[in-house]
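The values are calculated or read from the model by the stated rules, or taken from the named source; none is laboratory data. All values reported here derive from a predicted model rather than from experimental measurement. Note that each Cβ is placed from the backbone with ideal geometry, even for glycine, and that neighbours are counted across all protein chains shown.
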Amino acid sequence: MLAAWAPGSWSAEYPEGTGIALPAGRPIVIQMHYNNSGSPDAADATEVLLRVEPEVQDELYSFFWVTPRLDIPAGAESHTEESESMVKRYVGDLPGRLRLHDIGPHMHTLGESLNATLVHEDGSETCLIDVPRWDFNWQFGYEFTEPVAMEMDDKVRLSCTYDASDRTEDTRWGEGTEDEMCLTTMFVTYEAD
């Protein structure tokens, strides 16, 4: 993933001195999720601009940290879905650590709150992001002032709370606005031992 964009966000800028490698000739795929229910004949005005550098100091890697199975009961006023996974589950058991530079929370319209916490091997915790009042139109990526060290045996706990009080059917994971998600985008650099 080169970048992600969602309602309310602005253009993506990588942390100073970093970038994602894009080999020459490699295709770029853009995935768009349209919701034109009010205006099915609306014209697409999408533009994509890229800034390219011949080299960077630190290669940046991106991925989605996901709570993949959601089952939000119809009528539930405050339903929480939570997952916890080791860092090495996402990137492999590499000799070293990751440095988390940027995190971007993502849910859809039932979202009430989202929290991502780094649980260190010794049991101590570091809050990565806490969004106590989710707004679908306010989905930003947040760059840390100082990158957060993520050891391979650390865990990330991701918790999302939803209000489905006006739903008559259960809501599950999906890409449509009426479906739901519980994820964060993460942009990291790798630091070998």
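Under 7 Å by Cβ, and 6 or more places apart or on different chains, what pairs join a residue from the stretch 48-61 that is farther than 26 Å from Ala192 by Cα with one that is part of a loop (DSSP other than H, G, I, E, B)?
Val48/Ile30
Which of the residues belonging to the stretch 86-110 are part of a strand (DSSP E or B) and in contact with a helix residue (DSSP H, G or I) (Cβ under 8 Å, 6 or more places away or on another chain)?
Leu98
Just to check your reading of the model, which residue among Val131, Val156, Val148 is in contact with a Leu (Cβ under 9 Å, 6 or more places away or on another chain), of a type in the set (Val, Ile, Thr) and within 15 Å of Glu84 (Cα to Cα)?
Going through Val131, Val156, Val148 in turn, the sole match is Val156.
Any idea which residue in the stretch 152-193 is farthest from Glu13 (Cα to Cα), counting only those that are exposed (fewer than 15 other Cβ atoms within 10 Å of the Cβ) and acidic (Asp, Glu)?
Glu169
Identify the residue in the stretch 56-85 that is touching a Gly at 6+ places or on another chain (Cβ under 9 Å) and not in a loop (DSSP other than H, G, I, E, B) and, among all such residues, is surrounded by the most Cβ atoms within 10 Å (Cβ to Cβ). Please lay out each step first, then the result.
Step one: list which residues in the stretch 56-85 are touching a Gly at 6+ places or on another chain (Cβ under 9 Å), which gives 56-60, 70.
Cutting the leftovers down to not in a loop (DSSP other than H, G, I, E, B) gives us 58-59.
Working: Asp58: 17, Glu59: 13.
Going through the qualifying residues, I end up with Asp58.
For the list (1) within 30 Å of Pro73 (Cβ to Cβ); (2) hydrophobic (A, V, I, L, M, F, W, C); (3) in contact (Cβ under 8 Å) with a residue 60 or more places away in the chain, I need the number of the one condition that Met152 fails.
(1) is the only condition that Met152 fails.
Taking the stretch 143-174 as the region of interest, how many residues are more than 24 Å from Arg89 (Cα to Cα) and hydrophobic (A, V, I, L, M, F, W, C)?
1
Looking only at the stretch 119-138, which residues are under 15 Å from Phe187 (Cβ atoms) and either among the charged types (D, E, K, R) or surrounded by 19 or more Cβ atoms within 10 Å (Cβ to Cβ) (or both)?
Passing the criteria: only Leu128.
So, in the stretch 22-47, of the ones that are at pLDDT 70 or above and polar (S, T, N, Q), which residue ends up surrounded by the fewest Cβ atoms within 10 Å (Cβ to Cβ)?
Selected residue: Gln31.
Output the qualifying pairs, or none if there are none: Cβ atoms under 7 angstrom, residues six or more apart or on different chains, first residue in the stretch 121-135 and under 15 Å from Met107 (Cβ atoms) and without any contact (Cβ under 8 Å) to a residue 40 or more places away in the chain, second residue of a type in the set (D, E, K, R) and surrounded by 10 or more Cβ atoms within 10 Å (Cβ to Cβ).
Within 7 Å, the pairs are Trp134/Glu112.
Leu158 versus (1) part of a loop (DSSP other than H, G, I, E, B); (2) closer than 22 Å to Ser78 by Cα; (3) under 14 Å from the mean Cα position of the chain (by Cα): which is the lone unmet condition?
With (1) part of a loop (DSSP other than H, G, I, E, B); (2) closer than 22 Å to Ser78 by Cα; (3) under 14 Å from the mean Cα position of the chain (by Cα) applied to Leu158, the lone miss is (1).
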